[in-house]
Structures are given as C-alpha cells and as structure tokens.
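*Asks:* Sharing a structure, written as structure tokens. Questions coming.
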Amino acid sequence: MTPKGGRRTPGGSDAHANSATSRGKRAAGSSGRESSSRREYHSDKRESDAAKTRARIVSAAAKHLRSAKGIKGLSLESVAKEAGVTRLTVYKQFGSRRGLLEAVFDDVARRGGLHRIPDAMAEPDPRVAVKRLVSIFCEFWYFNSKMLGQIIGASVVDPGLERGILDRNERRRKGFATLFNRMAGAGTLPPEIHEEIVDTLFVLTSHAVFSGLAINGRSVETVCGLVQDLAIRTLDRLGV
C-alpha cells in the first residue's frame, strides 16, 4: 500500500510478505506435528491391537490343548475359529503350527511362576537355592502337565519343534550351571563334580520326572518333597 504523497513505506511490502511466510511456516509446522502425532498414535494402536490379537490366539490354542480334543485336532484353522480371526491372521503371527505351540509353551512359562527363578538363584546357600528351584519347576510342570506334555509329545515327530523345546529346556541347565559356577569360581567345587551336579539336577527337574512321580495321584507337595530330597542327597553324596 502507498501512503499519501505517493511515497512507499520502506520495506513495507517485504515485511508483509515475511509475515505471511512466517505464518505459513508456523501453520505448516503445526500441521506437520499433528500429522506426526497421528502417525505415532495409529502405529501405537496397531501394535497394541496386534499384541491383543496374538494373546487371544495363544489363549485359544491353550484352551484347545486343555480340551478333550487335545493336540490331535489343533491346527491353524481350528485355533483361528476359536479366537475369532482368520487363518491368515494366525499364520502371519506364528508362521506355522510349530510356531504357535512354541508360543503357548513360552506363555505358560511366563504365567507359570518361572519369574521367581532370579530370586531363588540369588540365595547365598546353594542348598536353599536348589530346594527353591525344585519347588518352582515342580509347580510349573505339575499345574501345566497335560498341556505341556502334549507339546513335548508332539515334538517327538517334529524335529523343528523338538529343537525349540530342547533349547528352552537348556535354559534350566544353564541356570543350575550359573548357580554352581559361584562355588567353582571360589575353588571349592572341582569341574567334574560341577558337571555331575548340573546334569543330575537338570534331569531331576525335568517334565518326565515330575509327571512320572505324579501319575499315582501324588500331590504337588509330595512330588516336590521327593525331588527336593533326591536333589539334596545328590549334593550330600558329592560333598557339596
């Protein structure tokens, strides 16, 4: 705009343009932030929805294993129907029946009290630690015996699933190895004794031992007491 007298205000047009540009940048910046927030929201929601769907599928598979149908009728299709999703959804989440069974095994491990292992491992007295670990594994195997027994049984004819279950079981062996490494590091436990203790405790806390002792209707407390006694006798025999 030209003031009276026909003289232009110095920089007036430029100032107006700069102001408009600044407003445009602020608006664009605000819009960009809002767009980014919307993307983050949708991404978080997708991840949350996917996690809920995965949990629902695992729960449906576990329910199927506990039912009279057992593992024989378990398939991606049957689990998808139980979970109220498509077979493709189950496939995208787990890839195969094997992947689904491994996910059920891991979910049972999370829910079955294995989170107590670090506290038991922290016990300064190895005998107390061993008794606590035996109790933890006894309860885990005992209360999930039927379901986990079916998964372990299925691994006999599925090399891939067998490898997955073996890998998970080896974590138990590593736990006992870590516990007695403290004594070995202090020079109070010869290497050959360390290996024998770890292998023996690994076997004593296996699903096969617990399920074998529980078949005659023994209570979880009775089974646990028997295995704890065997474990402590092993330590006594080896002079630990």
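*Asks:* For residue 222 and residue 69 in the same chain, what is the full-extension length gain: residue separation times 0.36 nm, less their Cα-Cα distance, in nm?
*Replies:* 52.1 nm
*Asks:* Now, a different point. Only residues of the stretch 212-240 count here: report those whose backbone N is under 20 Å from the spot 7 Å along Cα→Cβ of residue 192, or say none.
*Replies:* 234-240
*Asks:* Starting from 0.36 nm per residue, how many nanometres of slack lie between residue 81 and residue 121 once their C-alpha separation is accounted for?
*Replies:* 10.2 nm
*Asks:* Sticking with this structure for a sec: Where does each of 203, 134 land when they are ranked from fewest to most other beta-carbon atoms within 10 angstrom?
*Replies:* With the fewest neighbours first, 203, 134 line up as 203, 134.
*Asks:* Work out how much length residue 158 to residue 236 would gain on full extension: take 0.36 nm times their residue separation and subtract the Cα-Cα distance, in nm to one decimal.
*Replies:* The residue 158-residue 236 span can extend by a further 24.2 nm.
*Asks:* Out of all Cα-Cα pairs in the stretch 121-223, roughly what percent, to the nearest whole number, are more than 24 Å apart?
*Replies:* For the stretch 121-223, the fraction of Cα-Cα distances above 24 Å is 31 percent.
*Asks:* Please arrange 116, 54 by counting, for each residue, the other beta carbons lying within 10 Å of its beta carbon, fewest first.
*Replies:* Ordered from fewest to most neighbouring Cβ atoms within 10 Å, 116, 54 come out as 116, 54.
*Asks:* Now, a different point. Sort 224, 138 so the one with the fewest other Cβ atoms within 10 Å of its own Cβ comes first.
*Replies:* Going from sparsest to densest Cβ surroundings: 224, 138.
*Asks:* For a bin width of 5 Å, list the pair-distance distribution of the stretch 40-104 built from all Cα-Cα distances, rounded to whole %.
*Replies:* Distribution as computed: 3, 20, 29, 23, 12, 7, 4, 2, 0 percent.
Any read-out appearing in this document is the output of simple, stated calculations on the displayed coordinates, not a laboratory observation. Just so it is clear, the structure is predicted and the values come from calculations on it, not from any experiment. Reconstructed Cβ throughout: ideal geometry from the backbone, glycine too, with neighbour counts over all protein chains shown.
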